[in-house]
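Okay, so here's the structure we're looking at.
Nothing in this text is a laboratory measurement; each read-out follows from the coordinates by a stated rule. Since this is a predicted model, take the numbers as computed values, not measurements. Counting neighbours? That spans all protein chains shown, and the Cβs are built from the backbone with ideal geometry, glycine included.
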Amino acid sequence: MSKRYGMVIDLKRCIGCHYCVVACKMENGITQGSWARVDTVGGQTMDTASGEYLNLIMFYLPRLCMHCRDAPCVEVCPTGACYQREDGIVMVDYDKCVGCKYCIVACPYGARYYNKEGSAYFAAERPNEKLGYRPHKLHMTEKCTLCLDRLESGKEPACVEVCPTGARHFGDLNDPQSEVSQLIARKHASQLLKDLGTEPSVYYLSP
Amino acid sequence: MFQERQTTFGWLVSADLFLSATGGGVFLISFILDLLNKYEPVARIGGILGPILVLIGASFLVAEIGSKAKLYKLFFNFNLSSWMSRGTWILTIFIIFGLAYSLTAFTAFGWLPWSKATALGLGIGMVAALFAGLATSYTGFLFGVVKGIPFWNMPILPLLFFLSGLCTGIAIILAIASFYNTIGVTGFHQLGAAGTVLILLQLLALGGYLEIARHSGVTSAESVHLLKTPLFIGGVVMVGLLVPFCLLAYSLAVRNMLILSILGGVSSVLLLIGGLFQRYCIVRAGVSRPLCCT
């Protein structure tokens, strides 16, 4: 059986430091927005809780592309630019992308971004270009690639590597012995918006 | 929590949706008038305006995409499961067949080997009419398949867009009739009656859509709540539907051609404004489902 890459994020361990977001931006040379984000679940604004004193609720929800098995973005893409690799990673083929933004609207996880501006604060080459990674293309949709360039050189995604609390676990979902499969089975991991039938490859452990 | 209002699509996409549906609607009505052998000058102009409006709509999509150089990719890469891809071909076939059918009505294109009267011409017209119907409603499917936005993910949306397209289509026909004044009192009355029925049907579909949305969960109810704006209530419901309904209903009792022309012209402008605003309001009211709750 081929690999299916996935991630398990332990919400109990996430402290909302946004280190994963910074690492993602640095690794991939992203200027506008970010392919990863960390939201606060609780109050109306960042780092605030809901409820009343002694009965407060707050946790952090790291978000990224879910690399769904039945990805809505792949289904709606008019040119087939959004495609899924055999290992489950959903990618964008810049040679085919027309930048219609239909995938951005169709993604229920808000994980896609439109690259409308040029380099805002990298003077010449971006870090990803220096490393020989895929360059960005203007007026096209971008998203998390699970750091495919790093995976190909035997490394883990940047967000997984830098997480100071070890909240992120990465591996092969098709391998029952992998850490991610064990965590999913043992700790009853859940997926976001499971009822939509998208079968995300990112799982969460309850806070 | 994390219930986000979509901000990706705005006026440009709304204008494209509106013009696609209006172009399809005006062609469909013109073709029916041709089949009934009625109001030839009006049907002739309406028939040619349909594909042209769709072409103008496509230019808004090009503006949204940001570069027309990328547009060719839509034709060379086909994804059967995508409604945008299907829409590209629906509109393309409609434009080609619509122009092939309508241009024969103009003397400058008399050299074409078919005319509206020939079997070939009629066949071309029927294909164009079929794709005009699809052009009028496909945008409802385009939005209807977006599962993450419950307000759009409703089976009634294509019907609403289809009816709205017919309404704005008949608005164009009325505008042409008011301008050229060639269809007589009976013509105005017949088109006015058709217009009032279509507006009534659209009002019913819109009411049904909002009522279903209101009872289909918190997120779609939030979308309905977001529609409580002057643009929707005033621009779409009042100015875009109720006022033209009243004007057209009143016109059925009028026999003076000048007043009929004014009533028809004003109604058509209001219907068109309402149609555009309706697309924009529905597009902007899209709210994505919350990822999790506290």
Inset, instruction - Give the angle, between 0 and 90 degrees and rounded to the nearest 10, that separates the Cα long axis of helix A:19-28 from the longest principal axis of the Cα atoms of chain A. - result: 10 degrees
Inset, instruction - Report, in cubic angstrom per residue, the convex hull volume of the C-alpha atoms of the range B:1-74. - result: 127 Å³
Inset, instruction - Give a quick list of GluC sites (Glu not before Pro) in the range A:12-121 that DSSP marks as loop, anything other than H, G, I, E or B, with at most 16 other Cβ atoms within 10 Å. - result: A:Glu86, A:Glu117
Legend entry - Dipole of the protein assembly as shown, positive end: most advanced residue of A:Cys24, A:Tyr53, B:Trp111 [Cβ charges, Cα centre]: B:Trp111
Legend entry - Projected-area average for the protein assembly as shown over all orientations - Cα convex hull basis, square nanometres: 27.8 nm²
Legend entry - Low-density loop cleavage sites - chymotrypsin sites (Phe, Trp or Tyr not before Pro) in the range B:84-180, where at most 13 other Cβ are within 10 Å (DSSP): B:Phe106, B:Trp111
Legend entry - Relative contact order of the range B:179-294, pairs being alpha-carbon contacts under 8 Å that are 6 or more residues apart, as %: 36 percent
Legend entry - 13 Å beta-carbon shell around A:Arg150, net charge (K/R +1, D/E -1): -3
Legend entry - Test item: Cα-centred dipole of the protein assembly as shown, Lys/Arg +1 and Asp/Glu -1 on Cβ, debye: 420 debye
Legend entry - Kyte-Doolittle mean at least 0.5 and Cα axial length at least 30 Å: DSSP H helices in chain B: B:11-35, B:40-65, B:119-144, B:156-180, B:184-214, B:257-284
Inset, instruction - Could you pull the Rg and Dmax for the range B:80-175, using just the Cα atoms, both in Å? - result: 16.1, 52
Inset, instruction - Quick one: how many lysine pairs does the range B:11-284 have with C-alpha atoms less than 30 Å apart and a gap of 8 or more or different chains? Give me the count, please. - result: 5
Legend entry - Listed residues B:Ser267, B:Leu159, B:Leu80: farthest to the positive end of the dipole of the protein assembly as shown (Cβ charges): B:Ser267
Legend entry - Environment charge of A:Tyr19, counting only residues whose C-beta is closer than 13 Å and scoring Lys/Arg +1, Asp/Glu -1: +2
Legend entry - chymotrypsin sites (Phe, Trp or Tyr not before Pro) within the range B:186-294: DSSP coil, no more than 14 neighbouring Cβ in 10 Å: none
Legend entry - Rg(Cα)/(2.2 N^0.38 Å) for the range B:11-284, N = residue count: 1.01
Inset, instruction - Would you count, across chain A, every pair of lysines whose alpha carbons are under 23 angstrom apart, provided the pair is eight or more residues apart or spans two chains? - result: 25
Legend entry - Beta bridges per DSSP with both ends in the protein assembly as shown, % antiparallel, nearest 5: 85 percent
Legend entry - Dipole magnitude of chain B about its Cα centre (Cβ charges: Lys, Arg +1; Asp, Glu -1), debye to nearest 20: 260 debye
Inset, instruction - Using the 2.2 N^0.38 Å rule of thumb for compact globular proteins, work out how the range A:7-76 stacks up: its C-alpha Rg over that value, please. - result: 1.34
Inset, instruction - Provide the descending list of Cα extents for chain A along its principal axes, expressed in whole angstroms. - result: 52, 42, 32
Legend entry - Kirkwood Rh and Cα Rg combined as Rg over Rh, evaluated for the range B:136-289: 1.04
